[in-house]
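Everything below concerns the one structure shown next.
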Amino acid sequence: MTTTVRTQCPTRPLCTCSGTAHSSGKGCALYAPFWFCGLPRPLPTGIAFCAVRLAEHHAREALEEIGPRPGPVFADHDQAYVVLPARTSAEAWPSIARFCGPGTFVTVPAPQSTATGPAGLRWLVNPRTAKARFTPELMLRTALSVLVERLDAHSAHQ
C-alpha cells in the first residue's frame, strides 16, 4: 500500500512510500521529518510505526526491564507511548497497555521537548538519542508480562 502524506515540514514536504522504506533509503518521511521539524504533530499509527499507550509509571518500569536499548518513547501528561514497528500485532496486549495501530493518531512531541521539560507532551527517550529506531515488540511484551506479574503478586499480598 502506498500512502501520500503532506508532512508540513519545509525541508521534506512529501512522501509516497509504504511507510517502511523510502526510495532514498533514508527512512520514511512519516518517521523522521515530523519528529525533527521542531513542532508537535499528530501522526497516523500503523503506517510508519505503531505504539502502545500505558501509564507513564508503568512505562518507566517496563523501560527498566528492557534495559539500555529501547526505541523512542514519549509521554503526554501521565500517559506514555512506546514506539513499535509498523507491523506490530494488535492481539493480546496486557490490560495495562492499549495498542495504537491502524486508524489511530498520536501526537508526537517536538524533538526539544524532553523529560526535564513540562509535564505535558515530551520525549522520555528521544528518537535522536534512542539506541534503536523502535522497541522490539517481543521485548516490550516480555517486560509488560513481568510487570503485570509483579503487580498481581503485590495485589495478592495486600
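The values are calculated or read from the model by the stated rules, or taken from the named source; none is laboratory data. The structure displayed is predicted, hence computed values, not measured ones. Positions of Cβ are generated from backbone atoms using ideal geometry, with glycine treated the same way; all protein chains shown enter the neighbour counts.
Miscellaneous remarks
- Any strands (runs of 3 or more DSSP E) falling wholly within the range 38-99 and containing at least 2 residues that are over 19 Å from Ser145 (Cβ atoms) and over 10 Å from the mean Cα position of the chain (by Cα): 41-44
- Residue in the range 68-81 that is at pLDDT 90 or above, more than 19 Å from Thr114 (Cβ to Cβ) and surrounded by 19 or more Cβ atoms within 10 Å (Cβ to Cβ) present: no
- Residues that are surrounded by 12 or more Cβ atoms within 10 Å (Cβ to Cβ), of a type in the set (Ser, Thr, Tyr), over 18 Å from Pro44 (Cβ atoms) and touching a residue at least 12 places away in the same chain (Cβ under 8 Å) do occur in the range 145-152, at least one of them.
- Given (1) over 12 Å from the mean Cα position of the chain (by Cα); (2) touching a residue at least 60 places away in the same chain (Cβ under 8 Å); (3) more than 18 Å from Pro40 (Cα to Cα), index of the condition Thr104 fails: (3)
- Residue count for the range 114-137, restricted to those that are surrounded by fewer than 19 Cβ atoms within 10 Å (Cβ to Cβ) and either in contact (Cβ under 8 Å) with a residue 40 or more places away in the chain or assigned to a loop (DSSP other than H, G, I, E, B) (or both): 16
- Here Glu91 meets each of (1) crowded, with 18+ Cβ neighbours inside 10 Å; (2) over 19 Å from Leu63 (Cα atoms); (3) of a type in the set (Asp, Glu) with one exception, condition (1).
- Selection over the range 65-101 of residues that are over 24 Å from Gly120 (Cβ atoms) and in contact with a Pro (Cβ under 8 Å, 6 or more places away or on another chain) gives a count of 1.
- Output for the range 76-92, where each listed residue is of a type in the set (Lys, Arg) and more than 15 Å from Arg141 (Cα to Cα): none
- For Glu65, the criteria (1) farther than 30 Å from Asp152 by Cβ; (2) surrounded by fewer than 21 Cβ atoms within 10 Å (Cβ to Cβ); (3) not basic (Lys, Arg) hold in every case but one, which is (1).
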